[in-house]
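**Q** I'd like to ask you about the structure that follows.
Where a number appears in this text, it was derived from the coordinates with a stated rule and is not lab data. Computed from a predicted structure; not experimentally measured. Neighbour counts run over all protein chains shown; Cβ positions are idealised from the backbone, glycine included.
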Amino acid sequence: MQLMPPAARPACWALYAAFSYADDLIDSGEGTPEERGRRLQEWRDALEADLTSGTSEDPIRLALTDAVWHWGLDLRDLLGALDAVQRDDDRKGVATWQEWRERAHAQNLSWPEQLMRMLVRCGLPVPVRLRDLPGFTRFVEGLYLTDTLRDLVDDLDGEDLWIPAEVLDRFQVTPAELRSRQWTPAVQQLIAHLAGQAREWLENSRRALRDTLPLGPSIVLDTAVELFGAELDALVRAGSAVLHRQVRVPRHIEWRILGPARARAAVVWRLTLPPGRDTVTDTARTVAARRTDAASPTGAAAGDRLGGPEPLGSRIAEPPLPPRPHRDGVRPPTIAAAHLPQHVAIVMDGNGRWATGLGLPRDEGHRAGAMALRDVVQGALEIGLPHLTVYAFSTENWKRSPDEVSKLFAIMRAELLDGELLDHDVRLRWVGSPDGLPDDVADVLRGQEHATRNRAGLTLNICVNYGGRAELTQAGAALARAALAGEIDPARVSEQLFAAHLPHHALPDVDLLWRTSGEIRTSNFLPWHAHYAELHFTDQPWPEVDRRDLWEAIEAYTHRKRRKGAASVQASVPARNEGE
């Protein structure tokens, strides 16, 4: 999905979210099978009604409804795939490869076909009936078999088993052995055989489809085969762990594959998408415009919104969406609001060194760092953090090569324009100077500030072209001008008065300052606001960080003694309450 044209990515995620939500309802284990089936049927019925009216009060159904109206997707295929998911609750396994294939095709063929339809709407000559192409069904089967192995532990926990019984019999492995997590030689041979089968199907499909698809979709295909091949390698290397936990591809391997592919795809889309087709085609605009006034009092406005490029800030969701869950389902620790730091500041260090160490261009490190920041922001929302400040570009960073600086700003602008922050309860504020910044970067920072100004959840301060000493110098200069003008008495300058003349005086004091990548210094970051901050240093480079690292830093903070110069309190008072 990251390799699709930017305009199509929101619809890709909407499709993914809808299928995942339906699958999670069936696999949740909450209630009886009948109750789970009824909940899914109710959600599906509501989806059909939403697709007819063109709007929804449910965020996932709203996203999918917008995608359908925007791109003219095939409703029958979508609903048929959901029906196939619902039928899963009536059985716990499959007997033969043929039965396995029927299940795989029913649930999964619609997904890549819908993606190809979006490419057609963008103006690319892509075969829409992919299932008629030699090798395509093998591609889907290779992906699905890899998913089956990845999700094996979850399926066993839920008393399901989607490996065909005929294969179990061939290797003399019983379902009871797998459910009891016995790592016998026969089980090891079974897993190795299935991984090899999945790899063979993926590689065969790539050879069959390579000459059929245009360059852009071919990059998507090749990268998917490489990523799933890396996952199969990880599954085989994990050994008995596949029966106890989900095995993931190491992030550095994932980025070694995905980073160059993203760069190639970006160039291809710029060169191959016809002019004026970077959002939707005229056909899709016509479909979007057909929303009836009966569906919504603002139906015409909704149609206009879906039919063309949106002004910056027009995507603000009302109400904002809840935080996006972590991909592994982890939840934040329970910490009372009174014990949370009110303001966490982060020096996101190590992007370039991380990329160089993997043999990648430095800009791929900045791109990976932007993805890490997305997850950390979601984690800050989940745990209830009021203020988060990140060091994105310092005044000292101008010393880097012009090429790296240019690419860093391009990545920064693209991330801000991507719009994910607009979907959540995040207020963005820019901390720094416009002097020397590219106009388009300064404009998008100001635009996002304005668009999110009424948000009341997390305040995300992004320090771009910021320097701590420069900030203090500006405050001193402002005080000097005020004294010369007779507005203040120099003898009465206090800390409070000085702070009021800082260019970003509304920024609260920092409680916790965290730096990654093993460096133990603050690097001219918020010297005034972080004067009593607790310091937290970790070794991993920023691209390897996610929200769990933020939560660990916050948990460590709750055990610090916050006296701020006062004497130690009596031992009878819990340390967590000291100075807070």
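**Q** Output the peptides 56-62, 481-487 sorted from most to least packed, where packing is the average of other Cβ atoms within 10 Å over each peptide's residues. Walk me through the numbers on the way to the answer.
**A** Values: 56-62: 16.1, 481-487: 10.9.
Order by mean packing, descending: 56-62, 481-487.
**Q** With a sphere of radius 10 Å drawn around the Cβ of LEU460, what net charge do the other residues whose Cβ falls strictly inside it have (Lys, Arg +1; Asp, Glu -1)?
**A** +3
**Q** Rounded if a/c is under 1.5, else prolate if a/b is larger than b/c, else oblate: which is region 446-539, with a ≥ b ≥ c the root eigenvalues of its Cα gyration tensor? Don't skip to the end; give the middle numbers.
**A** Working: a/c = 2.28, a/b = 1.43, b/c = 1.59.
Verdict is oblate for region 446-539.
**Q** Kindly identify region 131-273 as rounded, prolate or oblate by the Cα gyration tensor criterion: order the square roots of the eigenvalues as a ≥ b ≥ c, call it rounded if a/c is under 1.5, otherwise compare a/b with b/c, prolate if a/b is larger, else oblate.
**A** Working: a/c = 2.94, a/b = 1.88, b/c = 1.56.
Note, shape of region 131-273 comes out prolate.
**Q** Then there is this: Decide, for region 337-577, between rounded, prolate and oblate: order the square roots of the alpha carbon gyration tensor eigenvalues as a ≥ b ≥ c, take rounded if a/c falls under 1.5, and otherwise choose prolate if a/b is larger than b/c, else oblate.
**A** Working: a/c = 1.61, a/b = 1.11, b/c = 1.45.
It is oblate, given that a/c is not under 1.5 and a/b is not larger than b/c.
**Q** Summing Lys, Arg as +1 and Asp, Glu as -1, what charge do residues with Cβ under 10 Å from the Cβ of LEU64 carry, LEU64 excluded? Walk me through the numbers before you get to the answer.
**A** Numbers: positive: ARG61; negative: ASP50, ASP58, ASP66.
After counting each charged neighbour, the total is -2.
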